[in-house]
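One structure below.
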Amino acid sequence: MALETSVIQTKLVDKFDTIVTDFVQQHDIFAFEVDATSIIEVMQFLRDDATLRFNFLTDLCGIHYPDATPDKQFAVVYHMHNWRDNVRIRIKCFLNAENPEIDTVTSLFLGANWQERETYDFYGITFKGHPQLKRILNMDEMTSFPMRKEFPLEDGGRTDKDDRFFGRTTDNC
Amino acid sequence: MSDLLLPPELRYADIIKQRQNEDGSELSILNLGPTHPATHGIFQNILLMDGERIVDGEATVGYIHRAFEKIAENRPFYQITPLTDRMNYCSAPINNMGWWMTLEKALNIEVPKRVQYMRVIIMELARIADHIICNSVLGVDTGALTGFLYVFQYREKIYEIYEEICGARLTTNMGRIGGFERDWSPLAFKKIDDFLEEFPAIWSEFENLLTRNRIFMDRTIDVGPISAEKAMSYGFTGPNLRATGVDYDIRVMQPYSSYEDFEFDIPVGKSGDTYDRFCVRNGEVWESLKIIKQALAKMPEGPFHADVPDYYLPPKEDVYNTMEGLIYHFKIVMGEIPVPVTEVYHPVEGGNGELGFYLITDGSRTPFRLHFRRPCFIYYQAFNEMVQGQMLSDAIATLSSLNVIAGELDA
């Protein structure tokens, strides 16, 4: 591996100081947290710097942490890959519960477009400056965000799984 | 409100009126799909057409969205393979093996060499099956039905191999944590040998039918091209990226399951058009055959699963006759397996590109979060840009050569 993770860490800390924190090696991927307000600058630096060269945005997705503090309820995770040195990194940006929003990275990577739409669709995370932020896999009329943990897997109004049909009531089961 | 947020038919109605006033041209809106035979799956493209030429388009996806990521958060780990089957159903074993390898990475399980080689064989067979479908269907979409009917027999033979190994054909649900559910029978090996013997002649005949066919070349060269820079920015991976000339292949970049033990080349194209994608897939079939031959020749003796009683179901005679067997069986079936709190990302080279599994565990019996990096979903967004200015029939050929699988696109 030509590019050491310590180099990535030093370069990021030199440039961004406390914006980039919590560096940790998780299995084969070097991971860290980035302050959500600076995601564009950090990603641009990672992509364009002559030694870092993270040229490929592999993956972008959201996470919901219902048990975390209100300012860390949601996270957007970016996986980036440097193809020349073959190094992968994982960037996590935490967002608050009331107004989860983050800048779009479609200006850096065209492929982020649909992945951000998917994240919006399922988590309700707003990507500021996104050219076409509307639902993608769910129907447009939907009002909830189904991948949030409080959203039940099955429709509570279903009658075909009613206990009464199985000879049980809630009292005698 | 941005214009793009409007439904495409409203957006296009303005453009149609504007262009009519400007130069009297008559644009029209065409619905391609959702259930059109030429789209090979359920997705809709609303196209703005100038005669037969495409001016603009918008893809509407999600028609077969089945909420796999949500379901996965509510299922024990061993019940998630059936979900992965149903993503890229043309090469289900690759998805299955990718999921087991992700889980093994999270659980720190080392699998025996024999299992790794068996996995390589089954994944390469799946890749061949995937490319058979894509390339022969591209032939059908450009008017050559013969090749399709001819090579599809051999997809059937691959499915018979799956059937011999795991009992299922399309949605295979193959493998277990740490290995396979049973050792491969001598008949399975014989079927693989037979396939390796018969298939190359058939495949080269299929290649001869199309590769230098004047009509086929006219229909595919310079159709739906994309540059390497654009493709990388759009997140292309797999054969579609390699057709643009970038030799990115996870089997070589980040070898998993002992791919480093085998000699093979990565076919690359040059112009990123439909013809190059066809040729890259053809080349990959030959490389896959090479890998399978090497794996069979080097196949070591040994167990067909790792020795991990915490995760691998014991044989039935142990369950009935020993205390430990019964305890392990019960714990595994009830989902009570020890899982460390961790985050892993594991990519495999799927039929269409980098298939990634991003798994977050919190120590409970289900994943806290499981995200699938689905190559189709990511590269299909470039489709509109690739077909702008092309004829409608070219769009069909482009769509088919991209090998967009609706199941994987919509998850």
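Just so you know, all these numbers are worked out from the coordinates, no wet-lab data involved. Note that this is a predicted model, so its numbers are computed, not measured. Cβ placement follows ideal geometry from the backbone for every residue including glycine, while neighbour counts extend to all protein chains displayed.
Taking a ≥ b ≥ c as the square roots of the eigenvalues of the Cα gyration tensor, the range B:282-347 is classed as oblate, since a/c reaches at least 1.5 and a/b does not exceed b/c.
The amide H of B:Ile109, built 1.01 Å from its N in the peptide plane, has no neighbour under 5 Å, considering only residues 5 or more places off or on other chains. What angle, in degrees between 0 and 90 and rounded to the nearest 10, separates the Cα long axis of helix B:8-23 from the longest principal axis of the Cα atoms of chain B? Helix B:8-23 sits at roughly 30 degrees to that axis. Put in line by how crowded their Cβ is, counting other Cβ atoms within 10 Å and starting with the fewest, A:Phe56, B:Phe189, B:Phe278 read B:Phe189, A:Phe56, B:Phe278.
Along the positive direction of the dipole of the range B:329-411 (beta-carbon charges: Lys, Arg +1; Asp, Glu -1; about the Cα centre), which of B:Gly335, B:Val387, B:Gly351 reaches farthest? Of the options given, the answer is B:Gly335. Once each of the GluC sites (Glu not before Pro) sitting in a DSSP loop with at most 11 other beta-carbon atoms within 10 Å is removed, chain A keeps A:1-97 as its longest stretch. If we count trypsin sites (Lys or Arg not before Pro) as exposed when they sit in a DSSP loop and have at most 16 other beta carbons within 10 Å, what is the longest stretch of chain B that avoids them all? Here the longest run is B:67-168.
What's the local net charge at B:Phe189, with K and R +1, D and E -1, over the other residues with C-beta under 11 Å away? Provide the component values of the computation, followed by the final result.
Values: positive: B:Lys190, B:Lys191; negative: B:Glu164, B:Asp183, B:Asp193, B:Asp194.
The answer is -2.
With a cap of 13 neighbouring Cβ atoms within 10 Å, and only residues DSSP puts in a loop, list the trypsin sites (Lys or Arg not before Pro) found in the range A:71-106.
Numbers: sites: A:Lys72, A:Arg84, A:Arg88, A:Arg90, A:Lys92; in loops: A:Arg84.
Those satisfying the criteria are A:Arg84.
Against the longest principal axis of chain A, how steep is helix A:39-48, in degrees 0 to 90 to the nearest 10, with axes from Cα atoms? Approximately 50 degrees, to the nearest ten.
For the range B:68-410, with only Lys/Arg (+1) and Asp/Glu (-1) charged at the beta-carbon, what is the dipole magnitude about the Cα centre, in debye rounded to 20?
Details: 33 positive and 48 negative charges, 73 e Å.
Dipole of the range B:68-410, to the nearest 20 debye: 360 debye.
Phi-derived couplings, Karplus 6.51 cos²θ - 1.76 cosθ + 1.60 at θ = phi - 60°, listed residue by residue for the range B:136-152: 6, 6, 4, x, 4, 5, 9, x, 10, 7, 4, x, 4, 5, 5, 7, 5 Hz, with x used for Gly and Pro. Counting only DSSP beta bridges whose two residues both lie in the protein assembly as shown, roughly 90 percent are antiparallel. The residues packed around A:Met147, meaning those with a beta-carbon under 13 Å from its beta-carbon, carry a net charge of 0 if Lys and Arg are +1 and Asp and Glu are -1. For the cross-link pairs B:Lys191/B:Lys290; A:Lys72/A:Lys92; A:Lys11/B:Lys230; A:Lys72/A:Lys149, the ones whose C-alpha atoms lie over 20 Å apart are A:Lys11/B:Lys230.
Neighbours of B:Ile332 by Cβ distance under 10 Å: Lys/Arg scored +1, Asp/Glu scored -1, total 0.
Given +1 at the Cβ of Lys and Arg, -1 at the Cβ of Asp and Glu and no other charges, the dipole of the protein assembly as shown around its Cα centre is 560 debye to the nearest 20. Along its principal axes, chain B has C-alpha extents of 85, 52, 32 angstrom, given from the largest down. Shape of the protein assembly as shown from its Cα gyration tensor (a ≥ b ≥ c, root eigenvalues): rounded if a/c is under 1.5, otherwise prolate when a/b > b/c, or oblate? The shape class here is rounded.
Would you mind working out the magnitude of the charge dipole of the range B:31-104 relative to its Cα centre, with +1 at each Lys and Arg C-beta and -1 at each Asp and Glu C-beta, to the nearest 20 Debye? Could the numbers behind the result be given before it?
Details: 5 positive and 8 negative charges, 62 e Å.
Its charge dipole is roughly 300 debye.
Among B:Glu197, B:Glu205, which comes first, then next, by fewest other beta-carbon atoms within 10 Å? Walk me through the intermediate numbers first.
Working: B:Glu197 9, B:Glu205 12.
Fewest to most other Cβ atoms nearby, the residues stand as B:Glu197, B:Glu205.
Report, in deg cm²/dmol and to the nearest 500, the calculated mean residue ellipticity at 222 nm for the protein assembly as shown, where each DSSP H run with n ≥ 4 adds -39500 (n - 2.57) and the sum is divided by the residue count. Provide the component values of the computation, followed by the final result.
Values: 21 runs with 242 residues, N = 584.
-12500 deg cm²/dmol, from helical runs alone.
Compared with the dominant Cα axis of chain B, that is its longest principal axis, helix B:274-298 is turned about 10°. Once the range A:5-150 is represented by equal point scatterers at the alpha-carbon sites, with solvent omitted, what log10 I(q)/I(0) does the Debye formula produce at q = 0.15, 0.21 Å⁻¹? The computed values of log10 I(q)/I(0) come out as -0.75, -1.36. Here, P(r) means the percent of Cα pairs in each 5 Å bin from 0 to the largest distance; for the range B:1-105 it is 2, 10, 15, 15, 12, 10, 9, 9, 7, 5, 3, 2, 0. Fewest-first ordering of A:Leu46, B:Leu149 by other beta carbons within 10 Å of each residue's beta carbon gives B:Leu149, A:Leu46.
Legend: Rg and Dmax of the range B:253-369, from Cα coordinates, 20.5, 63 Å. Each residue of the range A:139-146 was assigned a 3J(HN,Hα) from its phi angle through the Karplus curve 6.51 cos²θ - 1.76 cosθ + 1.60 (θ = phi - 60°); the sequence is 6, 4, 6, 5, 10, 9, 10, x Hz, with glycine and proline shown as x.
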